[in-house]
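**Q** Okay, here's the structure, questions in a sec.
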Amino acid sequence: MEGRFKAMDAQIYTLVGRRTYLRIDLNVLDKNLSILRRQCSPQTDIIAVVKGNAYGHGSVEISRYLESRGVRHFAVATPEEGARLRQAEIKGHIQVFGNAVEEDIPILVKYRLTPTVAELNFLQEWSRTVTSAMNTRNGSQVRKRHQLVLKIDTGMSRNGCQTQDFPSLIQYCLENDLDVHSVMTHFNQGWDNPDFTKHQFNTFMSLTEPYRKHGLKLHVASSSGIAHGYGTDLDFIRFGILLYGLPPDGSVENTELVESQGLRPVLSWRARPTLIKQLPQGRVVGYDNTYMTHGKETIATFGLGFADGFSVLLSGKCVVSLEKDGVQCPVVGKVSMDAITSRLDGPRPSSTTFNIIADDFTSPNSVTQMAATLRTVTSQLTTNLAARLPRVFVSDGLIAAVTKL
Ligand SMILES: Cc1ncc(COP(=O)(O)O)c(C=O)c1O
């Protein structure tokens, strides 16, 4: 399949076996990556955050593509997410962001995943397991394969060790010759609170300073760091949402900031109606009679719903748009599990393609504006996109990969 088919919309529906699919534009991903790389120091390495199925985009295919573009470090949330990447033969370094607990150790070691550590008891247990693995096989090779990241909590109070505990943790690693990949912290108000973020940054830098002579590598910044220039000259930068070309939420400031950098959404959601009908005035549409036709209306049904990740809360508050010319048609009636209905501007052939999600920042059906409507974060909308939705990865006008259940 790879690269053999032109990414023609009409043929894609036949290929995926459904009248709807997510279109993931790998050329846009590549461009976003280059823009973000240029904003970091040349010595700063990138950690691509591909947790949550690469924010809904498809973690295996996104990681494969990024690896082919020279990305060598990835981050996931759980050991299972990391194992999935290893099973798909992702070779790079994979850090698991979730606070490491003892039950994770077998899978971490088996799949060569790097834990994010906050506690001495985990460190002791992990080190025992790694050491016994070293004794049973080729010692130094095995040792090189197992690294850990220490995380310091500088104010988010979620993961990471308390600042006063960091010296004993790092000391334990140094004394036991454990391979510390890096030390990190995470900003919780990086987009909108420069004073607090600077305080976190300074706390982190002064705590780690005495150990830098041991060659410790550091990282603090996620996408907000890139947007506001914190930590872009340290050893690593971890970005997720900006890589996918989205602002973190629907606020005007963040959207303008992201758009002004030349970033663009990687994802759009396309569909063809599964049924189009002419209805007379006074007909109710969908569950619970939330919509009644005002006159003779053309109603299109799309075979997708909240089981695919289209929120019920968007009922009556969103549009779908014609792929060809952007004409917007309101979503009317209540969103069902497997169907939505939209009032078209008139009869249309059933082969007409619509954008359920448009790949811009301003259309009412862009991820950004949907997040504004729902007062949520953009990544919640994209991570909700279900596994049952086919994903079509397009590169240079050709289909690079397709995933479907
Ligand atoms: C520790 C850590 N680093 C980096 C990221 C990536 O954040 P963003 O998507 O804002 O770039 C996350 C995401 O939640 C995170 O938890």
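**Q** From the residues I340, L322, A387, which one has its Cα farthest along the dipole of segment 267-389 in the positive direction, the dipole being from +1 and -1 charges on Cβ of Lys/Arg and Asp/Glu about the Cα centre?
**A** Of the candidates, I340 comes out farthest on the positive side.
**Q** Compute the signed sum of charges (Lys and Arg +1, Asp and Glu -1) over the other residues within less than 10 Å, Cβ to Cβ, of Y111.
**A** So the surrounding residues net to +3.
**Q** Right, here's the next one. Once the dipole of segment 26-244 is set up with Lys and Arg at +1 and Asp and Glu at -1 on Cβ about the Cα centre, which of P106, F204, L26 lies farthest towards its positive end?
**A** With unit charges placed on the Cβ atoms, the residue in question is L26.
**Q** To continue, here is another question. Taking K and R as +1 and D and E as -1, what net charge do the other residues with C-beta under 10 Å from the C-beta of S315 add up to?
**A** Net charge around S315: +1.
**Q** Among the listed pairs K6/K277; K31/K217; K31/K404; K334/K404, which have their C-alpha atoms separated by more than 30 angstrom in this model?
**A** As for pairs spanning more than 30 Å Cα to Cα, those are K6/K277.
**Q** Would you calculate a helix-derived [θ] at 222 nm for the chain, using -39,500 (n - 2.57) for each DSSP H run of n ≥ 4 and dividing by the full residue count, to the nearest 500?
**A** That calculation yields -9000 deg cm²/dmol at 222 nm.
**Q** Compute the length gained on full extension between V312 and M8: take 0.36 nm times their separation in residues and subtract their Cα-Cα distance, giving the result in nm to one decimal.
**A** 106.4 nm
**Q** GNM on the chain, C-alpha springs below 10 Å: top fluctuator among S366, S251, S268?
**A** S251
**Q** Relative contact order, percent, of the chain when contacts are C-alpha pairs under 8 Å separated by at least 6 residues?
**A** 20 percent
**Q** State, as an integer percentage, the relative contact order of segment 26-244 based on alpha-carbon contacts under 8 Å between residues 6 or more apart.
**A** 21 percent
**Q** Checking understanding here: applying a Kyte-Doolittle mean of at least -1.0 and a length along the axis of at least 20 Å (C-alpha), which whole DSSP H helices in the chain pass?
**A** Helices meeting the span and hydropathy rule in the chain are 120-136, 194-208.
**Q** Using θ = phi - 60° and the Karplus form 6.51 cos²θ - 1.76 cosθ + 1.60, what ³J(HN,Hα) does each residue of segment 43-48 get, whole Hz, x for Gly and Pro?
**A** 7, 7, 8, 9, 10, 7
**Q** Calculate the dipole size of segment 267-389 relative to its Cα centre from +1 charges on Lys and Arg beta carbons and -1 charges on Asp and Glu beta carbons; express the result in debye to the nearest 20.
**A** It works out to roughly 260 debye.
**Q** Which net charge results for the neighbourhood of L304, defined as the other residues with beta-carbon distances under 11 angstrom from its beta-carbon, given Lys and Arg at +1 and Asp and Glu at -1?
**A** Local net charge: +3.
**Q** Order of 77-86, 154-163, 7-16 by packing, highest average Cβ count within 10 Å first?
**A** Per-residue mean Cβ counts within 10 Å order the peptides as 77-86, 154-163, 7-16.
**Q** Roughly how many debye, to the nearest 20, is the charge dipole of segment 134-285 about its Cα centre, given +1 on each Lys and Arg Cβ, -1 on each Asp and Glu Cβ, and no other charges?
**A** Charge dipole of segment 134-285: 960 debye, to the nearest 20.
Each value in this text was obtained by applying a stated rule to the coordinates, not by laboratory testing. Not measured: the values here are computed from a predicted model. For neighbour counting, all protein chains shown are included, and Cβ atoms are generated from backbone atoms with ideal geometry for every residue, glycine included.
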